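The values are calculated or read from the model by the stated rules, or taken from the named source; none is laboratory data. Please read all numbers here as calculations on a predicted model, not as lab measurements. Here the Cβ positions follow ideal geometry from the backbone for every residue, glycine too, while neighbour counts run over all protein chains shown. Surface accessibility is based on the protein's heavy atoms, side chains included, excluding ligands, DNA and RNA. Shrake-Rupley method; radii C 1.70, N 1.55, O 1.52, S 1.80 Å.
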Amino acid sequence: NYCQRKGGNLMWYENPAEQVWSRRFGRFRVLCDDISDEGNFTFRSPGRGSCARSAGYTWHGGEPNSGINEDCAEMNTHFNDQSCRAHRYFGVTVCKIAKSTSSTTTAYTSSSSTSTSTS
């Protein structure tokens, strides 16, 4: 995918504070799903753990609601579950690229990129 070509992955979070910080990027898909265990949302990056409300992450009211095939999460001020096959264009892809001393989150848009360290 696009983020892998840049040397990273779709956005995932090390703690709930990063979720609050990332609101500045608007609406985008995050690397959080319940594909392997319905109703149990976790980050797909190995060892990253839960992205559920019980882990301190915020979801829109009534979400996740496990609607028809809603197994992936998107960020839109809070998390929302949606279909993994949804081909929505949010205008931004947020990638997390790990460096040897810190993690850098880069938001790529159709016309520019913004790189911000979140270490």
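Brief remarks follow.
- Solvent accessible area, Å² - Asp71, 1.4 Å probe, full protein context: 30
- Net charge of the neighbourhood of His78, taken over other residues with C-beta under 12 Å away and scored Lys/Arg +1, Asp/Glu -1, is 0.
- Given their separation in residues at 0.36 nm each and the Cα-Cα distance between them, Asp37 and Arg23 gain 2.4 nm when the chain is fully extended.
- Loop sites in the stretch 1-93: GluC sites (Glu not before Pro), DSSP, at most 11 other Cβ within 10 Å: Glu38
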